[in-house]
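Accompanying notes for the structure given below.
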Amino acid sequence: MTPQDDIILPGGENAVLLIHGLTGSPFELKHLALKLHSAGYTVAVPCLAGHGTTYADLARTRWQDWYGTVSASLAELRQNHASVSVGGLCMGAVLALLLAAQPQNRVQSLALMSTTLAFDGWATPWYRFLISIVYYTPFRRFAYYTEHEPFGIKNERLRRQVEKGLKENTIGYSRFPCSAMHQLLRLAAATKKVMPQVTAPALILHAREDDLASVKNAEYVEQHIGSATKKTILLDDSYHMITIDNERTQVTQSLIQFLQETTGK
């Protein structure tokens, strides 16, 4: 299995669909997937459309393509499982919200990790507001954003490993096209419109020092989703990639406990 391969872990009658972030891969959710599987859940982590292949493929995809990947995975899991919960990291959390907003999907519960509705973290470049402007010019075919320190990771040893993996294109892209960021912003806009329709119990996990998406993203979700049951946990020793950073154990334990409470298993 390469980091870009889908992760499929057959388990119990209750399933969890996990969704990775923009330019990422199932690798960033592997630790969480294995722990959930050990707790008795069936787990699926699909590689999103345009990811795991080439930079050009990513440049050609739209947010509807990413949504198509997770919608198909959810439908497949629902065929053979009593319940399906959905968790997402970064853009994956936005896709999870959009899935849950559709009543026919019957999402059991939600885990929203480092939800990215806006690029407003402390390490994002000052020119981020130009993303959508550039998209509507001929330069959109050449403009790209390069991943840089701290790569969403506070743990310095792990940061070096991730930096090496990005340079070798083994765990994700080291740079990504302006068009992909623009598509994420369009996805976020579409999701905000239907967020009040989300009724599934929601666990919101976010780092106070998130370098990519500030804690305001988590606050917005908590204030605007229609869920009667929602719980927010703010982390003090992580950056954006909370599923692999210093507090990954707390993230895992919190999610398993929340799933047990909301699925009865």
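Any read-out appearing in this document is the output of simple, stated calculations on the displayed coordinates, not a laboratory observation. Everything numeric in this text was worked out from a predicted model, so none of it was measured. Don't worry about glycine lacking a Cβ; one is built from the backbone with ideal geometry, like all the others, and counts go over all protein chains shown.
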| remark: Note on the range 7-263: alpha-carbon gyration tensor, axes a ≥ b ≥ c; rule is a/c under 1.5 for rounded, else prolate if a/b larger than b/c, else oblate; result rounded
| Quick one: net charge of GLY50's neighbours, Cβ under 12 Å, K/R +1, D/E -1? | 0
| request: Using a/c under 1.5 as the rounded threshold, could you call the range 67-125 rounded, prolate or oblate? The axes a ≥ b ≥ c are square roots of the C-alpha gyration tensor eigenvalues, and prolate needs a/b larger than b/c, oblate otherwise. | output: prolate
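Counting other beta carbons within 10 Å of each Cβ, put LEU187, LEU205 in order, fewest first. Don't skip to the end; give the middle numbers.
Details: LEU187 23, LEU205 27.
Starting with the residue having the fewest Cβ neighbours, the order is LEU187, LEU205.
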| said: Below 8 Å between Cα atoms, with a sequence gap of 6+, how large is the relative contact order for the range 1-86 in percent? | reply: 37
| task | Sketch the reach of a paramagnetic label on ILE8 as a point 7 Å from Cα along Cα-to-Cβ, and name the residues of the range 65-89 whose backbone nitrogen lies under 16 Å away. | result | 69-81
| Counting other C-beta atoms within 10 Å, which of TYR55, TYR239 has the fewest, and how do the rest follow? | TYR55, TYR239
| note | Most packed first (mean Cβ within 10 Å per residue), the peptides 88-95, 214-221, 43-50 order as 88-95, 43-50, 214-221
| the range 194-265: C-alpha gyration tensor shape, a/c 1.5 cut-off, then a/b vs b/c | oblate
